[in-house]
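First the structure, in the form of structure tokens, and then the observations on it.
The values are calculated or read from the model by the stated rules, or taken from the named source; none is laboratory data. This one's a predicted model, so the numbers in the text were calculated from it and none came from an experiment. All Cβ positions, even for glycine, are placed from backbone atoms using ideal geometry, and neighbour counts span all protein chains on display.
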């Protein structure tokens, strides 16, 4: 009996010592290079913002943050690597909402659990997406766009880069709710989608302000509306989709930092504090956020997790409206 009691006391002491050391370990982190997986090809918005963040982390932590572009299958390849990594903070992921929100509706089976395989650290920035149209399209706003489709069922065309794209979700959700019919035209990639709209091959599409802001300012396309909670500071005359009378339709993108699932809460909090401090620096915000028509967020891990849950609830309804079936 005495030996059993001593063993219990020894075990309890070991557990308490381990728990008490966690905050200290979080403060000491990192003691070696950290790998940042970006599950998208080089050159895109996620790559540019992720690399900028990695450069600043390297300066703050006095340890290299090594960026790895692990692209493929709509971010699934890179996300799987992070999901299987040790949750010690030395492998992180910088990605957009597709990885944890949209992919669950597009694929029957994922090699990771969108809700459990990753620990949200912070959403660095977000932006609403433009609904853009060719200048010859008679509609000047979304309400007029719907009426144009009502007068010409199946003849008002939008460009979409893939199944489950922002364009498909937005236009098909509006079509179902408003009782109209659009014509979907498939293209390969966001670039061809934008160029098709600029060239007038289709009447409209959904695109980011960063990619199409110059065309909007030059009147090569017109912005009918923008997604998100508020108007873009650089395009104050473009109303939001909700303002236009379609609060059920969402078109936006966010950029966020994750650790593998199971990462210690104190460690996640430590990384969050450093990431938020970097993102909120005026020079960083101006160069990498505002300049690309993004809105600074830098929210807490709890707030980020709640935002993901909210996005999932909205997206599931849009997926149903669009009639998307997972592959």
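Values as computed for the structure displayed
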quantity: Answer from 247, 239 - the residue that is at pLDDT below 95, outside the structural domain of residue 51 (by TED's automatic domain parsing) and over 11 Å from residue 126 (Cα atoms); calculated: 247
quantity: Odd one out for residue 109 among (1) out of contact with any strand residue (DSSP E or B) (no Cβ under 9 Å at 6 or more places or on another chain); (2) at pLDDT 95 or above; calculated: (2)
quantity: Any hit, region 248-262, residues being part of a helix (DSSP H, G or I) and surrounded by fewer than 15 Cβ atoms within 10 Å (Cβ to Cβ); calculated: no
quantity: Among (1) under 25 Å from residue 321 (Cβ atoms); (2) in the same structural domain as residue 135 (by TED's automatic domain parsing) - the single one residue 217 does not satisfy; calculated: (1)
quantity: Qualifying residue in region 237-244 (condition: in a strand (DSSP E or B) and more than 16 Å from the chain's Cα centre (by Cα)); calculated: yes
quantity: Enumeration of residues in region 140-160 that are more than 14 Å from residue 245 (Cβ to Cβ), touching a strand residue (DSSP E or B) at 6+ places or on another chain (Cβ under 8 Å) and surrounded by 15 or more Cβ atoms within 10 Å (Cβ to Cβ); calculated: 156, 157, 158, 159, 160
quantity: Yes/no for residue 268 being touching a helix residue (DSSP H, G or I) at 6+ places or on another chain (Cβ under 9 Å) and either outside the structural domain of residue 113 (by TED's automatic domain parsing) or over 30 Å from residue 86 (Cβ atoms) (or both); calculated: no
quantity: Region 272-327, subset part of a loop (DSSP other than H, G, I, E, B) and at pLDDT below 95, residue surrounded by the most Cβ atoms within 10 Å (Cβ to Cβ); calculated: 294
quantity: Given (1) surrounded by 19 or more Cβ atoms within 10 Å (Cβ to Cβ); (2) within 25 Å of residue 51 (Cα to Cα); (3) touching a residue at least 60 places away in the same chain (Cβ under 8 Å), index of the condition residue 190 fails; calculated: (3)
quantity: Matching residues, region 103-122, being within 17 Å of residue 72 (Cβ to Cβ) and either in a strand (DSSP E or B) or not assigned by TED's automatic domain parsing to the domain that holds residue 313 (or both); calculated: none
quantity: Residue match in region 25-38 (condition: at pLDDT below 85 and more than 18 Å from residue 86 (Cα to Cα)); calculated: yes
quantity: Options 185, 202, 238, 198: the member that is farther than 30 Å from residue 92 by Cβ and without any contact (Cβ under 8 Å) to a residue 40 or more places away in the chain; calculated: 185
quantity: Single unsatisfied condition, residue 116 versus (1) surrounded by fewer than 18 Cβ atoms within 10 Å (Cβ to Cβ); (2) within 28 Å of residue 320 (Cβ to Cβ); (3) modelled with pLDDT under 95; calculated: (3)
